[in-house]
Amino acid sequence: MNLFSSVREPFSDQDAALALALAQVATISLVQYQIIHNQGTVNGQLQQALKSRILIEQAKGVLAQRHGVPIDAAFSLLRTYARTSSSKLHDIADGVVHHGLSF
C-alpha cells in the first residue's frame, strides 16, 4: 500500500492511524479471499476423490463377479493391472465399469 500527500510534511498521527486501519482491512480481505479459494480447491479435490472411490468400488464388484473371487482379490487384480499397464487406478476402474475392460 502506498501513501501520497500533496504537501511535504510528515503524516499526522490521525493520518497514520487511518492508513494502518486501511492496511489492516486490506490484509483481512486478502486472507479471507485466500481461505475461500483454498476451501473451494479442497472441496473439489475431496469430491473428486469420493467419485473415484465409488468408481473403484464398482469395478471391484464387477471383477469379483466376473472372476468369481472375493472383493479383496478383485482389488488386487485391479491394482496389479493398473501397475503393470502404468495407468491410474481410477482410469482402469472406469474402463472396467463403463467400457467393458476385461483382464
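With respect to residue 19, determine if the residue is closer than 30 Å to residue 103 by Cβ, free of Cβ contacts under 8 Å to residues at least 40 places away in the same chain, of a type outside the set (Val, Ile, Thr) and in a helix (DSSP H, G or I). No: the conditions fail for residue 19. Within the range 70-77, is there a residue that is among the polar types (S, T, N, Q) and in a loop (DSSP other than H, G, I, E, B)? Among the residues of the range 70-77, not one is among the polar types (S, T, N, Q) and in a loop (DSSP other than H, G, I, E, B), which makes the answer no. Residue-level analysis places residue 102 among those that are exposed (fewer than 12 other Cβ atoms within 10 Å of the Cβ), modelled with pLDDT under 95 and assigned to a loop (DSSP other than H, G, I, E, B). Filtering 90, 37 for residues that are within 30 Å of residue 1 (Cβ to Cβ) and of a type outside the set (A, V, I, L, M) leaves a single hit, 37. Could you list, in sequence order, all residues of the range 56-79 that are under 26 Å from the mean Cα position of the chain (by Cα) and either loosely packed, with under 12 Cβ neighbours inside 10 Å or among the aromatic types (Phe, Trp, Tyr) (or both)? Of everything in the range 56-79, just one residue is under 26 Å from the mean Cα position of the chain (by Cα) and either loosely packed, with under 12 Cβ neighbours inside 10 Å or among the aromatic types (Phe, Trp, Tyr) (or both), namely 75.
The values are calculated or read from the model by the stated rules, or taken from the named source; none is laboratory data. No experiment lies behind these values; they were computed from the predicted model shown. As a convention, Cβ positions derive from the backbone with ideal geometry for all residues, glycine included, and neighbour counts pool all protein chains shown.
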